[in-house]
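Here's the structure we're looking at; comments come further down.
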Amino acid sequence: MKKIFSLVITAVLTTSILGGCTTKPANGEAKKDWTPEKEIEFVVPSSAGGGSDLNARTISDLAFKNKFSPKNFMIVNQGGGSGAVAFTNVNAKKGNPNTLMVLHSGQVMGSYVNNWDVKAEMLTYIGVVAFDDLTLCVKKESKFTDIKSLLAAVKEKPESVKIGGSQRGNSDHLSFELLNKNTNSKFTYVQFNSSGDAMSALLGGHVDAAIFNPSEVMGQIQAGKVIPLAAFSSERLTGVFKDTPTFKELGYKDIEVREVRAIAGPPSMPAEAVKFYEDMLKKVTETDDWKKNYIEKNLLTPKYMNAADTKKFFTEQIELYKKVFTEVGVMK
């Protein structure tokens, strides 16, 4: 997404934290003793089984188990409209302190690429919890054994090779567009509501390849059903991906994408609630369970940012996202 498209993209952005994240009481100071008084609705803007779903469930389990939250969480999967339905529903709960939403950089950008009624900047950013990478995979029985054979097929017959991804305008889609652009190819992108749906399509032979985060595909690789051909990461991944080359290694230095995994809330979320969830997320990311059983196990990069730093980060990134999607022809 810049010259080297080294994208910390993520996948649910923008130019404010948004508007409401710093809402304060009349005295100008956030209350320090606020805690949830009822079950917390935790919205996932995709179907069950994907990276966002795992992210929400892991945070929920650790926060409640370790008593970082006095109330439990209710996971609500809302994958309609590639995430637009979830954005709309959360946006409608203005000022509600008991609603959270998983947000990755891809969804953030998707709200602009797809011109949703609710853009990411209308919500409240609460924090970043991790960075994530992306991989290109095929099923074991595929006739494509490496990137070279995949490229040869699409060069011979443009648009004949189908690559699946979760949602339009997100980091899967960006990875696809960078692949097309930097290899001068014409692959066909097939959009799904979640990585779980993309996996079903890959295993069913409905697409030739698909793009996944490590956590979304490791199980199938370990089961011998899927083979990773290349990684969009800046450096070679470990574990089951240790023998998988990066696109940079393959000679395509500009094909590099990284997602940001973050948490958001409704517009105008009270400052005391934002502070509570900031602290809760920080505590979660400091646990051994998080570090070993989520970060290390799923090959993520540990990263915590509070609300203010999250706002600054996305404010700086949004123009970069727009620039890249414009360059690859997704935005005008």
Within region 243-271, considering residues that are assigned to a loop (DSSP other than H, G, I, E, B) and acidic (Asp, Glu), the one farthest from GLU327 (Cα to Cα):
ASP243
State yes or no: is ALA56 at pLDDT below 95 and surrounded by 19 or more Cβ atoms within 10 Å (Cβ to Cβ)?
no
Identify the residue in region 187-210 that is over 20 Å from ALA153 (Cβ atoms) and among the hydroxyl-bearing types (Ser, Thr, Tyr) and, among all such residues, is surrounded by the most Cβ atoms within 10 Å (Cβ to Cβ).
SER195
Count of residues meeting criterion [in a loop (DSSP other than H, G, I, E, B), crowded, with 16+ Cβ neighbours inside 10 Å and of a type in the set (A, V, I, L, M, F, W, C)] in region 220-236:
1
Just to be sure, is ASP172 farther than 20 Å from TYR321 by Cβ, in a helix (DSSP H, G or I), out of contact with any His (no Cβ under 7 Å at 6 or more places or on another chain) and not basic (Lys, Arg)?
no
Looking at this structure, is ILE263 touching a helix residue (DSSP H, G or I) at 6+ places or on another chain (Cβ under 9 Å) and surrounded by fewer than 22 Cβ atoms within 10 Å (Cβ to Cβ)?
no
Residue under question is THR88, and the condition is that it be among the hydroxyl-bearing types (Ser, Thr, Tyr) and surrounded by fewer than 24 Cβ atoms within 10 Å (Cβ to Cβ); does it hold?
yes
Restricting to region 300-329, name every residue that is assigned by TED's automatic domain parsing to the domain that holds LEU62, assigned to a loop (DSSP other than H, G, I, E, B) and either touching a Phe, Trp or Tyr at 6+ places or on another chain (Cβ under 7 Å) or among the β-branched types (Val, Ile, Thr) (or both).
LEU300
Whether any residue in region 145-152 is surrounded by fewer than 22 Cβ atoms within 10 Å (Cβ to Cβ), over 26 Å from GLN220 (Cβ atoms) and not acidic (Asp, Glu) is what I want to check.
no
From VAL240, VAL207, VAL274, VAL217, residue being outside any helix (DSSP H, G or I), in contact with a helix residue (DSSP H, G or I) (Cβ under 8 Å, 6 or more places away or on another chain) and not aromatic (Phe, Trp, Tyr):
VAL207
If I filter region 165-178 for residues that are surrounded by fewer than 21 Cβ atoms within 10 Å (Cβ to Cβ), within 19 Å of the chain's Cα centre (by Cα) and basic (Lys, Arg), do I get at least one hit?
yes
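The values are calculated or read from the model by the stated rules, or taken from the named source; none is laboratory data. Source: prediction; values computed, not measured. All Cβ positions, even for glycine, are placed from backbone atoms using ideal geometry, and neighbour counts span all protein chains on display.
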